[in-house]
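Worksheet: the structure to be examined is printed underneath.
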Amino acid sequence: MKITTNVFGPETTLKKEVFLELESPTLREVLGILAGQHGAAWKRILKEDLSLEKGCVILVNGRNVSSLQDLETIVHDGDEITFTVLMAGG
């Protein structure tokens, strides 16, 4: 399956296509794979237990996962997952 990941933060902007050998995985499973492949890049967003750091948000196809099934949200082929760190400014 193919998904697209977007990472937006104060130091990072990254859009990447990712190929996974899973069928209908949960977001938690996808995060585990991503963190295993690119551990250092995810430390600002994910804790070791794969929960979110304070002030971070994950969107699946533009919808906040907190309004879906959180980390148990099923990820489908072609989905777009966006990771962002909330920022404030004026």
Problem set entry | Complete set of residues in segment 1-10 that are closer than 15 Å to residue 82 by Cα, modelled with pLDDT of 85 or more and surrounded by 15 or more Cβ atoms within 10 Å (Cβ to Cβ) | 3, 5
Exercise. Hey, among the residues in segment 70-87 that are among the β-branched types (Val, Ile, Thr) and outside any loop (DSSP other than H, G, I, E, B), which one's nearest to residue 28 (Cα to Cα)?
Worked result: 74
Problem set entry | Given (1) modelled with pLDDT of 80 or more; (2) under 19 Å from residue 62 (Cβ atoms), index of the condition residue 13 fails | (1)
For this session: Look at segment 43-68 and say how many of its residues are in contact with a strand residue (DSSP E or B) (Cβ under 8 Å, 6 or more places away or on another chain) and closer than 15 Å to residue 30 by Cβ.
Result: 9
Seminar exercise, completed: Restricted to segment 24-69 and to residues being out of contact with any Leu (no Cβ under 9 Å at 6 or more places or on another chain) and in a helix (DSSP H, G or I), the residue surrounded by the fewest Cβ atoms within 10 Å (Cβ to Cβ) is 40
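The values are calculated or read from the model by the stated rules, or taken from the named source; none is laboratory data. Here the structure is a predicted model, which means the values were calculated and not measured. With ideal geometry, Cβ positions are generated from the backbone for all residues, glycine too; neighbour counts draw on all protein chains shown.
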